[in-house]
């Protein structure tokens, strides 16, 4: 039974990593042994699960279906083992999906205490701006900003940040006056991850909306903020994302008296099955760690 379970865990890791050697390193199994274990599993099942080439290891259709069925079971086993131990110790691999800026600016700088608290836990940060599918890509928990489109996920709100407009002092020195939202029409606006849209403003009992086109479009927030710091225009971001630039003076807030609403950060878990204890733990930890962000 243990050999079979080990083979299932190994298969899941090979499938997600696309490599026998990478999966073997994570589970402390030599590559040759990993290859033999998967071959034995395929013989036992009576079907080919993986396509092996010199460049990559990919799933067959049967393998993809098999993976989708066993991963919830493996997650439930991990949760059962964690409960049986009766301790806060977390083990295994935790796969976390999050955007680049969220990871670099807010999560990674605060991650060390969590890792120190759980030395037996492996954490894989799937750091990019692609909104990963939790089920097909094996994501245990994803952290996302803004409006959510995945209606099948279990969601927990962790944090809310106000929106802010910023620009570099150099840009503002030579740019037209910027005293009201309407003045944005005379300014260079950098369109960031939010895309082309109407920006809404509120001040006291006054509400207004400005259509933003923007000559420079940079979907990645890191790039948009870099462009703003280099004097290329005004950009919108969450207050939590721009603390570093506001502190060092490379960016300053404009129209600070106008409310632009807020953006929520959520933790997303796969619906229909219990979240891994480690996934729940990191969400709870970040909810506290980001309190002052």
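Each reported figure results from applying straightforward, stated rules to the coordinates on display, with no laboratory input. This is a predicted model, so every value here is computed, not measured. Counting neighbours? That spans all protein chains shown, and the Cβs are built from the backbone with ideal geometry, glycine included.
Using 1/(1 + (r/R0)^6) with R0 = 41 angstrom and r between the beta carbons of residue 77 and residue 147, what's the FRET efficiency to the nearest 0.05?
0.75
Quick check on packing: order 240-247, 160-167, 8-15 by the mean number of other C-beta atoms within 10 Å, highest mean leading.
Answer by packing, highest mean first, reads 8-15, 160-167, 240-247.
Where does each of 219-225, 209-215 land if you order them by average Cβ count within 10 Å, highest first?
219-225, 209-215
Based on the alpha-carbon set only, what is the convex hull volume of segment 1-69 divided per residue, in Å³?
Given the Cα convex hull of segment 1-69, per-residue volume reads 79 Å³.
What is the angle, in °, between the Cα long axis of helix 61-85 and the longest principal axis of the Cα atoms in the chain? Nearest 10 is fine, range 0 to 90.
Result, in degrees: 90.
Please work out the C-alpha center-to-center distance from segment 170-206 to segment 233-247 and express it in whole Å.
Centre-to-centre (Cα) distance: 14 Å.
Which one, [x] 21.2; [y] 20.4; [z] 21.7, gives Kirkwood radius over Cα pairs in Å as derived from the coordinates shown?
[z]
Below 8 Å between Cα atoms, with a sequence gap of 6+, how large is the relative contact order for the chain in percent?
Working: 452 pairs, mean separation 60.9, N = 293.
That works out to 21 percent.
Quote to one decimal, in nm, the extra length available between residue 262 and residue 108 on full extension: 0.36 nm per residue of separation minus the C-alpha distance between them.
Between residue 262 and residue 108, full extension yields 53.2 nm more.
Please work out how much length the chain gains when fully extended from residue 129 to residue 287, using 0.36 nm per residue of separation minus the C-alpha to C-alpha distance, in nm with one decimal.
54.8 nm
Name the shape class, rounded, prolate or oblate, that the alpha-carbon gyration tensor gives for segment 161-262, where a ≥ b ≥ c are the square roots of its eigenvalues, rounded holds for a/c under 1.5, and otherwise prolate holds if a/b is larger than b/c and oblate otherwise.
Here segment 161-262 falls in the rounded category.
Stretched out fully, how many nm does the piece from residue 28 to residue 177 gain, at 0.36 nm a residue minus the Cα gap?
Extra length available between residue 28 and residue 177 comes to 47.4 nm.
If a/c stays under 1.5 just call it rounded; otherwise compare a/b with b/c (prolate if a/b is bigger, oblate if not). Do that for segment 48-168, with a ≥ b ≥ c from the square roots of the Cα gyration tensor eigenvalues.
Oblate.
Once R0 is set to 25 Å, what does the formula 1/(1 + (r/R0)^6) return for the Cβ-Cβ distance between residue 39 and residue 68, expressed as a FRET efficiency to the nearest 0.05?
In this case the efficiency is close to 0.70.
If I fit a long axis through the Cα atoms of helix 277-289 and take the longest principal axis of the Cα atoms of the chain, what angle between them do I get, 0 to 90°, rounded to 10?
That works out to roughly 20 degrees.
Counting DSSP beta bridges with both partners in the chain, what percentage is antiparallel, nearest 5?
Around 70 percent antiparallel, to the nearest 5.
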